Every structure is written in structure tokens, then in C-alpha cells.
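In what follows, a single structure is set out as C-alpha cells and then discussed.
The values are calculated or read from the model by the stated rules, or taken from the named source; none is laboratory data. Note that the structure is predicted; figures quoted are calculated from it, not measured. FYI the Cβ positions are ideal-geometry reconstructions off the backbone, even for glycines, and counts take in every protein chain you see. Protein only, heavy atoms only, side chains kept; ligands, DNA and RNA dropped before computing areas. Shrake-Rupley method; radii C 1.70, N 1.55, O 1.52, S 1.80 Å.
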Amino acid sequence: MNIHEYQTKDLLKGYGVPVPQGKVAHTDANAATAAEDIGGERWVVKAQIHAGGRGKGGGVKVAESVDQVRQYADQMIGSSLVTPQTGPEGRLVHRVLVEEASSIVKEFYLGLVIDRATQRITVIASDSGGMEIEEVARKNPERVVREVIDPAVGMQDFQCRKTAARIGLTGKQMSGAVKMMKALYRCFRDKDALLAEINPLALVEDGSLVAVDAKMSFDGNALYKQSDITELRDFDEEDPKEVEATGHGLNYIALDGDVGCIVNGAGLAMATMDAISFHGGKPANFLDVGGGASPEKVGNAFRIVLQDDNVKIILVNIFAGINRCDWIAEGLVQAMKDLDINVPIVVRLAGTNVEQGREILKSSGFPFIMAGNLDDAATRVVDKLKGATP
Ligand code: GDP
Ligand code: MN
């Protein structure tokens, strides 16, 4: 789960990370008041969306007067911000963060991630932070340094000093960086984060280090024990289909193909998407209805998959162990009766009560396309799509 920059900064501030003074605003008038409250002569107005690259898309503006703060806020709030990370449709901006502008001398990068290969929290740092960090990682990987944290002893001071030295920080700045790394690590570990990123970590005019931009994301499977983080969730930033699916106990992830998938079990859902791709199709979603899928759950799965206008065909792939094929079949027939479904449906059923399941589908009178196995199902889906699009 992702949170906004202003929320991340609030959280990190509590752990002792220096961040610029700032306030969030939902209207241009509030933004102007925020700038007055903060004081000073220059402010930054920053669009709050769950995507980076805002600087490149016009979502980060330095204002020289309160009036300019108001203008920038007015332009951003309610507009759709397109950045290299949002896709062409962009993201609707609901609020901005107004901050005192920092006088940046140099931009560094500091991040913590969980490295899946070593299964450990890993520090990533660079002396070439800012908006081109992805480019730096690609073209000059030697400018990006890594330090792996041993979970048995946690982050050690020497590791922080070594990392700081490798990105060229010495003296007072080194001790600032060490403090910041330790604070970031404590927050990361306490809150079950998957990613914590300060970019830029800015060296400012007075010689101190400040987190000018910060981003964190958290492990969704740990949210049950992180109520303060759960409260920061912003449903406006999530796909409404995914939110609805979660409410129905379904695991749904929207993708950009045209084959809707309704499958039981995450592994089988992945295999189904692979099979579709292997035969030349493109899945429109990942969907795991889970074990013991009631007819009602199957109906919900259909409704959510069909909310995606790109879906031209649906593949239902059920391998029933805990599930029962007859229940699934009843759910399918009920969905056909309840919903206005005008795309072809390919069904592959296997496992418990498969004969009863097939019988229910056959005698329903609906034109289900029956498939024998997964490969057969994927082939039928792709053939049908080819036939349908001249
Ligand atoms: P991102 O593009 O979404 O990562 O947004 P950032 O908050 O990182 O802002 C992008 C860039 O704007 C930074 O890399 C800085 O160069 C610049 N920037 C942001 N805030 C300030 C500020 O307070 N002062 C100055 N001088 N530049 C800033
Ligand atoms: Mn940034």
C-alpha cells in the first residue's frame, strides 16, 4: 500500500528525519494561507498523487509569492497530472503540499528496499540523486551503492558511515546521514514497509541534510497490525475495481489486456495468465476467487471483471479441491441470468463434482464454451478472439 508524500514526511519526522516545514491544502485559498503560516519568501507547491516523476510533469513548482502559491495550487488541484509514472491518462490531483523552499546545493539518493534475492533490507544510496536516478542506475550503476542489513543485528553504525562515505559525505554531513539512515530503518522495520525512499536527500545552503521528497510503501499483508498506516490509505488513488474486489474477499488486479480471467487459487491464476500469453492473448486481469467460492462470490467476480470495458472474452478456470464444480457452475449460471453478459465465456472445470458442474452448465442453455484442460481453454480463447476481430 502506498501513501502520499505529506503523510510519509509526517511519519518520518516523528522518527527524527529532517523535513521541510509544510502543510497540505485541498483548495487554492488554503494553499495561500498555508504559505502565509509557514512564512519566508519562497515556497514549493507539490501535487500529492501516488506516482513519482512529478517534477517532470509540472507537479512541483517553486513560487516566489503567496499569490503565486495560490495560482500553482489552483492549476494543480482538480487537474489530471501526467508524469512518466502515471500513464497517459494521468492522475487527478485532490490536494497539494505547500512547503518552505529549500536552497539545494546538491541532491543525493537514499532508499531502503527488501532485496528479494538476499531476503534482507538493503540500503541503496547515490551521490547523483534527484530526477534522473533511474537513468543513473542504468547508465552509471557504479554510482549506486548498496549495503545489506543483517536482520539478526539490525543496521550498524559502521554500515551507515561506510555508505555515507561512499557517496562523498564527511564530517557533520556524515553524522547527519547516519542519523537519517537509522531513523529511516527504524520506521521501515516498525511499520512493515516494503520501500522507503528519500529522493532528493538534499544538502542545503546551511550545510545540513534535508529530505526534500519522500516516498514509502507498506506490506498489505501486515496492515492488520498497522492500524495507523491503514488509516493513511487513500482509496482515490486505487483502482475502484480492486477496492470493490477486496471488499468481496476477491484478489483482483487490473491489467491492460482483453481476456477477463476468473480463476481459483493465485498460482493457477498466474498459470492461466501465462497460458493466455503463450497462445498470443493478453489477460485483462488477475483474479483469484479463493477456495470455497460461493455462487454469490462468482457473481461478484463476473461483475468486477466486466466493469473493465476492454474485456472481450472471459476465461473461467477452476480446479476444484476445496471448491466444488457444481457450486461454481451454479454461480456461472446465476451470473448469466443476473448480469447483462454479452462476451463469450470459455469454461474449464476440473476436480470435485466436475460431472455435475458440466451438467449444470450444459442444461442451462447458455452458450458456454467448454474446454478440456488449461491449454485447450487458452487456445479456444485466442481462436475465438481472432475469429471475432476480422
Ligand atoms: P518527484 O519529481 O515526484 O520525485 O518530486 P520531487 O519532490 O523529488 O521534486 C522534483 C525536483 O524538484 C527535485 O529533484 C528538486 O530538484 C526540485 N525541488 C523540489 N523541492 C525543491 C525545493 O524546495 N527547492 C529547490 N530548489 N528545488 C526543489
Ligand atoms: Mn523525488
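Details
- Restricting attention to segment 42-57 and to residues that are in contact with a strand residue (DSSP E or B) (Cβ under 7 Å, 6 or more places away or on another chain) and not in a strand (DSSP E or B), the residue that is farthest from ligand 2 (Cβ to nearest atom) turns out to be 42.
- Residue within segment 233-246 that is over 21 Å from the mean Cα position of the chain (by Cα) and aliphatic (A, V, I, L, M) present: no
- All of (1) in contact with a Phe, Trp or Tyr (Cβ under 6 Å, 6 or more places away or on another chain); (2) modelled with pLDDT of 95 or more hold for residue 157 with one exception: (1).
- Hits in segment 1-18 - residues which are polar (S, T, N, Q) and open to solvent by less than 50 Å² (accessible area, probe 1.4 Å): 7, 8
- Looking only at segment 153-168, residues that are in contact (Cβ under 8 Å) with a residue 40 or more places away in the chain and farther than 13 Å from residue 124 by Cα come to 1 in all.
- Of the residues making up segment 99-123, those that are under 30 Å from residue 41 (Cβ atoms) and more than 11 Å from ligand 1 (Cβ to nearest atom) number 1.
- Options 130, 53, 59: the member that is free of Cβ contacts under 8 Å to residues at least 40 places away in the same chain, within 16 Å of ligand 1 (Cβ to nearest atom) and not aromatic (Phe, Trp, Tyr): 59
- Among the residues of segment 208-234, those identified as small (Gly, Ala, Ser) and within 16 Å of ligand 1 (Cβ to nearest atom) are 208, 211, 214, 217.
- Among (1) at pLDDT below 95; (2) open to solvent by less than 10 Å² (accessible area, probe 1.4 Å); (3) not aromatic (Phe, Trp, Tyr) - the single one residue 315 does not satisfy: (1)
- Top-ranked residue of segment 1-23 - restricted to ones that are assigned to a helix (DSSP H, G or I) and over 11 Å from residue 198 (Cα atoms), ranked as nearest to ligand 1 (Cβ to nearest atom): 6
- Selection status of residue 249, surrounded by fewer than 18 Cβ atoms within 10 Å (Cβ to Cβ) and either modelled with pLDDT under 95 or assigned by TED's automatic domain parsing to the domain that holds residue 9 (or both): yes
- Criterion applied to 331, 365, 351, 357 was being on the phi > 0 side of the Ramachandran plot and open to solvent by less than 40 Å² (accessible area, probe 1.4 Å), and the one residue passing it is 351.
- Members of segment 22-43 that are open to solvent by 20 Å² or more (accessible area, probe 1.4 Å) and closer than 14 Å to residue 96 by Cα: 22, 23, 24, 26, 27, 28, 29, 30, 33
- Residue 145, sole failed condition from (1) in contact with a Lys or Arg (Cβ under 8 Å, 6 or more places away or on another chain); (2) more than 16 Å from ligand 2 (Cβ to nearest atom); (3) outside the structural domain of residue 165 (by TED's automatic domain parsing); (4) open to solvent by less than 30 Å² (accessible area, probe 1.4 Å): (3)
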